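Undergrad: Encoded as C-alpha cells, here's the structure I'll be asking about.
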Amino acid sequence: MVMIMWALIENGAVSEITATDPAGRFHPDLQWEPCGANVEPGWHYDGQSFAAPVLPQPTADELCTQIDTAADAARRAVAGDPLRAVEYDRARLAAEQFAAADYQGEVPPMVAAWAINGRTPQQAADSILAEAAAYTNALELLRTTRLAAKEQIRTLMAAGEVEQAQQLTAQTIAAIEAAVAGIGNNA
C-alpha cells in the first residue's frame, strides 16, 4: 500500500510533512502538495516535482582535516596535555636506565613514584616500560594510519570517488580511536 503524504511548501522548499490530508484544515494561502513517503523537510519543490537537497561535497583537505583532528584527539586521550607526554617520556628514560643497571642501585624518583600499592621498583620500571612501548606503538600506528589514509583520500578525491573517500575517512577515524583504546589515560 502506497502511503500518501502531504508537504507544506514554503519558498520552494518542504518545511513540514503530514500523513493527514490538510484539505480544509489550514489557511488557504498555505501550499500543501501530495508527496511520497520519502520526501522530507528541506527537500526542494519546483511546482511539479520534489528533489532532495544536494549536500555540498567535502574537499580532500576537509576529509584529511577530519583524520588529523581524530589523531590529535587520540594522542590527547592517551597522554593528556603535552607536558604529561614529557613526564611519561622522562619516566620511560629513568625506567630504562634502572633496567639497564639490572634494577640495582638507587631507584630513580620517576620509577619510585610508581612503586606503590605493593609494586616493587622492578615491577614499577617494567610497568612504565610496557606502557611506554604501548604508547610508542600506538603513536607509530596513528602516524602510519593517518598519513596513508590522507594520501589515499587525495587520490580518491582526484579520481572523483567522493563516497569512497568519505568511507575511508570514517574507517580511518574508527581505526585511530581503536588504536589508543586502553592505553595511557584511556586505560
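The values are calculated or read from the model by the stated rules, or taken from the named source; none is laboratory data. Just so we're clear, the structure is a prediction, and the values are computed from it rather than from any experiment. Heads up, the Cβs are rebuilt from the backbone with ideal geometry, glycines too, and the neighbour counts pull from every protein chain shown. Keep in mind that these areas ignore ligands, DNA and RNA; they rest on the heavy atoms of the full protein, side chains included. Shrake-Rupley method; radii C 1.70, N 1.55, O 1.52, S 1.80 Å.
Undergrad: List the residues, sorted by chain then number, that are 5 or more residues from ALA13 or on another chain and whose placed amide H is less than 5 Å from its amide H.
TA: Under 5 Å from the amide H of ALA13: TYR45.
Undergrad: Hey, if you put +1 on the Cβ of every Lys and Arg and -1 on every Asp and Glu Cβ in the chain, which of ALA125, GLY160, LEU55 ends up farthest toward the positive end of that dipole?
TA: The residue sitting farthest along the positive end of the dipole is ALA125.
Undergrad: Can you give the accessible area of THR172, probe radius 1.4 Å, in Å² rounded to 10?
TA: 10
Undergrad: With a probe of 1.4 Å, find how much accessible area the range 140-185 has per residue, and write the answer as a whole number in Å².
TA: Per-residue value: 56 Å².
Undergrad: Which of the listed residues, ALA91, LEU139, PRO108, is farthest toward the dipole's positive end in the chain, when Lys, Arg count +1 and Asp, Glu count -1 at the beta-carbon?
TA: PRO108
Undergrad: With a 1.4 Å probe and all protein chains left in place, how much of the accessible area of the range 28-178 comes from carbon and sulfur atoms, in whole percent?
TA: Result for the range 28-178: 54 percent of the exposed heavy-atom area is carbon or sulfur.
Undergrad: Starting at the first residue of the range 114-124, write each ³J(HN,Hα) from the Karplus equation 6.51 cos²θ - 1.76 cosθ + 1.60 with θ = phi - 60°, in whole Hz, x for Gly and Pro.
TA: Whole-Hz 3J(HN,Hα) from phi for the range 114-124: 9, 7, 10, 6, x, 6, 7, x, 5, 4, 5.
Undergrad: Per the helix-only calculation at 222 nm, which mean residue ellipticity applies to the chain, given -39500 (n - 2.57) for every DSSP H run of n ≥ 4 and division by its residues, nearest 500 deg cm²/dmol?
TA: -18000 deg cm²/dmol
Undergrad: On the first, second and third principal axes, largest extent first, how far apart are the outermost C-alpha atoms of the chain in Å?
TA: 91, 41, 32
Undergrad: Also, quick follow-up: Using alpha carbons only, how many degrees (0 to 90, rounded to 10) separate the axis of helix 60-79 from the longest principal axis of the chain?
TA: With rounding to tens, the tilt is 40 degrees.
Undergrad: Taking the Cα centre as origin and putting +1 on Lys and Arg beta-carbons and -1 on Asp and Glu beta-carbons, what dipole magnitude results for the range 108-175, to the nearest 20 debye?
TA: Value, rounded to 20: 140 debye.
Undergrad: Per residue, how much accessible area does the range 1-72 show when a 1.4 Å probe rolls over the protein heavy atoms, in square angstrom?
TA: I get 67 Å² per residue for the range 1-72.
Undergrad: How large is ³J(HN,Hα) for each residue in the range 149-161, as worked out from phi by the Karplus curve 6.51 cos²θ - 1.76 cosθ + 1.60 (θ = phi - 60°), to whole Hz, x for Gly and Pro?
TA: Rounded to whole hertz, the list is 5, 4, 5, 5, 5, 4, 5, 4, 5, 5, 8, x, 8.
Undergrad: May I pose another question? Enter the angle in degrees (range 0 to 90, nearest 10) between the Cα long axis of helix 162-179 and the first principal axis of the Cα atoms of the chain, meaning the one along which they spread out most.
TA: 30
Undergrad: To continue, here is another question. If you average the alpha carbon positions of the range 18-38 and of the range 145-171, how far apart do those two centres end up, in angstrom?
TA: The range 18-38 and the range 145-171 have Cα centres spaced 43 Å from each other.
Undergrad: May I ask you to evaluate 6.51 cos²θ - 1.76 cosθ + 1.60, the Karplus curve with θ = phi - 60°, for each residue of the range 36-47 and list the ³J(HN,Hα) values in order in whole Hz, giving x for glycine and proline?
TA: For the range 36-47, the Karplus curve yields x, 5, 7, 5, 10, x, x, 5, 9, 9, 9, x Hz.
Undergrad: Which whole-number percent is the relative contact order of the chain (Cα, under 8 Å, 6+ apart)?
TA: After rounding, I find 21 percent.
Undergrad: If you don't mind, another one. Set the Förster radius R0 to 35 Å, insert the Cβ-Cβ distance between ALA99 and GLN171 as r into 1/(1 + (r/R0)^6), and round the FRET efficiency to 0.05.
TA: With a Förster radius of 35 Å, E is 0.35.
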